[in-house]
Amino acid sequence: MGISKTRLLTALIAALVALLLPFLVSTYYVSLAVQVCIFAIFAASLDILVGHTGLPSLGHAAYFGAAGYATAFLYLAGVKSFWLALVAGMAVGGATAALFGLLAMRAQGPYFMIISMALAQVLWGVAFKWRSLTRGDDGIPGIGRPSLGIGVDLRPDMHFYYFVVVISILAYMAIYVVARSPFGYALRGIRESESRMKALGYNVWLYKYTAFIIAGCFAGFSGILWVFYSGYVNPTDLGIDLSVRGLLMLILGGSGSLFGPATGAALIVLLQNIISGLTQRWSLVMGIIYVAAVMLFSEGILSMFKRGKE
Amino acid sequence: MKALETKDLCKNFGGLRATSDVSIAVEEGERRAIIGPNGAGKTTLFHLISGFLLPTLGTVSLFGRDVTHLQIHQRAELGISRTFQVTNLFQKLTLFDNILLGVQATQRSHSCFWRPLSSFHDTTTETERILKEWALWDKRGVPLKNLSYGEQRQIEVILALATHPRLLLLDEPTAGLSAAESASMTSFIKGLPPEITIILIEHDMDVAFEIANKITVLYFGSVLAEGPPGEIRGNEKVTEVYLG
């Protein structure tokens with residue numbers, strides 16, 4: 001499977017839009033674009049589990065938030081380097097996933113979902129209650145932009161925007177390589193039939209566990225960017241609300257595909273911000289949109305175009 | 001060398017003894033059929049050999065090595081491959097990707113996650129060779145679920161072969177096939193390389209007698225009779241079990 005012309009064209013148009021965006025729209029929309037990039041990585045990392053491996057995790061925010069807190073602690077301890085935060089945050093995300101995966105993967109199907117959710121809520125509870133360390137639900141404010149050490153100042157919003165776009169595209173591509181690697185093919189085999197994969201000689205448990213850790217690392221990646229973007233981390237970054245939103249991004253955008261997670265992330269970030277600007281009952285409207293999406297496009301909005309082609 | 005040897009194999013499900021003191025030995029290169037009425041414990045025996053079930057008592061050896069406590073994938077690494085009674089393929093993946101997963105299983109690259117699969121030419125060319133060998137190349141891009149049942153039964157066997165097994169376990173390869181399809185499946189199995197040891201569960205006696213050079217009859221979990229097809233055909237106990 002090579003890169004098709006339509007894909008190349010889509011990528012080119014997207015790159016052009018990304019480049020010109022700060023000159024076309026207000027800073028408000030530029031900041032939304034940053035959020036879209038961050039949540040695209042979050043959704044894509046969750047898609048490694050949900051779309052490719054068939055593991056419906058309901059606790060993905062745990063790795064996002066754990067990395068976020070790690071970033072905040074490091075920053076307040078005086079570590080301002082983005083690269084150090086990146087390594088530490090991804091390691092914390094991956095390590096949390098390594099621990100939780102060990103427990104959650106003992107269960108399957110709906111039980112796996114519930115256990116993955118419960119584990120994430122434990123972390124949420126710790127962040128909420130351990131006030132001396134995390135300041136509870138006040139959260140930890142005052143995290144500034146990191147330094148890159150290459151002479152680029154990330155403090156201006158426009159610089160930060162371009163930085164997030166570039167590094168998110170790199171991370172998104174890395175996730176895509178994982179999905180297209182022999183390992184990624186094996187994950188989809190596991191999604192379709194674990195017993196057949198075992199019979200062929202694959203160590204199914206180890207594959208699923210590795211997928212869990214890789215997904216945790218990339219969720220951590222998005223958590224780091226989020227904290228540097230918002231300058232703030234609080235227990236909701238670990239909460240069920242964010243985990244569910246990640247799943248909804250995949251439902252809306254379509255899982256198991258290249259552009260699905262990014263599309264879903266863009267839709268949800270934009271809809272949520274636009275609708276909440278129009279009405280106080282925005283969560284009701286979002287709810288209706290989710291239900292409609294599940295009923296009409298069970299394989300994601302993008303499946304509409306595929307169906308058109310067939 | 002013996003490809004497979006089981007000693008006093010027992011498997012209990014609660015109070016039900018599905019496999020009872022089964023001791024069989026299959027020589028390398030042999031074509032063995034396991035027959036018996038419904039509920040005789042044929043598939044349970046396959047599960048015990050391939051590792052999907054662990055025995056209550058007894059041991060399983062593959063190629064002279066005790067594998068009783070090895071996991072499924074570890075046994076597969078020793079050269080055992082199996083098919084399933086109920087078609088067990090990767091339904092949403094294309095035919096190409098189905099076979100590819102079988103080819104990849106035996107390659108060192110199979111756990112690499114930092115390079116796209118398309119850069120591993122060994123895997124893709126071997127997959128291409130297999131699909132062309134069985135005249136399935138034209139259908140490579142078709143999602144497996146869109147292929148006919150007869151084709152899926154054949155792919156069930158081809159996928160098991162893709163790992164280059166030394167011992168192949170076929171669980172009712174002709175299940176649900178029409179008479180014509182069943183005949184072509186029979187000649188397909190008969191045409192497999194002679195160095196592959198085959199153990200075959202079969203409901204259809206004619207198929208079993210045609211493929212096998214030795215037959216084991218299971219009845220209520222234990223071995224009722226064992227011998228060459230001619231001997232089994234004339235065995236009174238077997239006739240009684242089958243014809244009541």
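Each value in this text was obtained by applying a stated rule to the coordinates, not by laboratory testing. Bear in mind the structure is a predicted one, so any value in this text is a computation, not a measurement. With ideal geometry, Cβ positions are generated from the backbone for all residues, glycine too; neighbour counts draw on all protein chains shown.
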Report task. Estimate the FRET efficiency between A:LEU20 and A:ALA118 by the formula 1/(1 + (r/R0)^6), using the beta-carbon distance for r and 51 Å for R0, to the nearest 0.05. Result -> 0.70
Query - Integer Hz, Karplus 6.51/-1.76/1.60 couplings in order for the range B:227-241, x for Gly and Pro - result: x, x, x, x, 5, 5, 4, x, 6, 5, 4, 5, 4, 4, 4
**Report entry** Simple Cβ-charge dipole of the range A:26-238, Lys/Arg +1 and Asp/Glu -1, about Cα centre, in debye nearest 20
**Finding:** 400 debye
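In cubic angstrom, how much convex hull volume per residue do the alpha carbon atoms of the range B:93-162 span?
So the per-residue hull volume is 82 Å³.
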Query raised in the report: Under 19 Å from the 7 Å Cα→Cβ point of B:SER187, by amide nitrogen: which residues of the range B:133-170?
Result: B:133-136, B:150-155, B:157-158
Report summary line: Amide H contacts under 5 Å for A:SER147, restricted to residues at least 5 apart in sequence or on another chain and with H modeled in the peptide plane, are A:SER81, A:PHE82
Requested in this report: Starting from the Kirkwood radius over alpha-carbon pairs of chain B, derive D by Stokes-Einstein at 25 °C in a medium of 0.890 mPa s and give it in µm² s⁻¹.
Outcome: 131 µm²/s
Query raised in the report: If R0 is 35 Å, what FRET efficiency do you get for B:THR68 and B:GLU28 from their C-beta distance, rounded to 0.05?
Result: 0.95
Query raised in the report: If you line up the Cα atoms of chain A on their principal axes, what length do they span on each, largest first, in Å?
Result: 53, 44, 44
Query raised in the report: By how many nm would the segment from A:SER31 to A:TRP130 lengthen if fully extended, with 0.36 nm per residue of separation less the alpha-carbon distance?
Result: 32.5 nm
Requested in this report: Hey, can you grab everything whose amide H is under 5 Å from the amide H of A:TYR232? Only 5+ residues off in sequence or another chain; H modelled, so Pro and N-termini drop out.
Outcome: A:ILE143
Query raised in the report: By how many nm would the segment from A:LEU9 to A:LEU76 grow when fully extended, if each residue of separation counts as 0.36 nm and the alpha-carbon distance is taken off?
Result: 19.8 nm
**Report entry** Between the range B:123-202 and the range A:216-273, the alpha-carbon center distance in angstrom
**Finding:** 44 Å
Query raised in the report: Tilt of helix B:149-161 relative to the longest C-alpha principal axis of chain B, in degrees (0 to 90, nearest 10)?
Result: 90 degrees
Query raised in the report: Using only the Cα atoms, what convex hull volume per residue in Å³ does the protein assembly as shown have?
Result: 186 Å³
Query raised in the report: Given the pairs A:LYS208/B:LYS11; B:LYS42/B:LYS190; A:LYS80/A:LYS208; B:LYS190/B:LYS214; B:LYS7/B:LYS42; A:LYS208/B:LYS42, which are separated by over 24 angstrom at their Cα positions?
Result: A:LYS208/B:LYS11; A:LYS80/A:LYS208; A:LYS208/B:LYS42
Query - Least to most buried among B:ILE232, A:ILE275 (fewest other Cβ within 10 Å first) - result: A:ILE275, B:ILE232
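Across peptide A:183-191, how many C-beta atoms of other chains are within 10 Å of each residue C-beta, on average?
6
Going by average Cβ density within 10 Å per residue, which order do the peptides B:89-102, A:159-172 take, highest to lowest? List each step's numbers first, then the result.
On the way: B:89-102: 23.2, A:159-172: 18.6.
By packing density, highest mean first, the sequence is B:89-102, A:159-172.
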Query raised in the report: Taking the simple approach of a point 7 Å from Cα along Cα-to-Cβ for both B:LYS92 and A:THR236, what is their distance in nm?
Result: 3.2 nm
Query raised in the report: Label 7 Å along Cα→Cβ of A:ALA107; the range A:188-206 residues with amide nitrogen under 16 Å?
Result: none
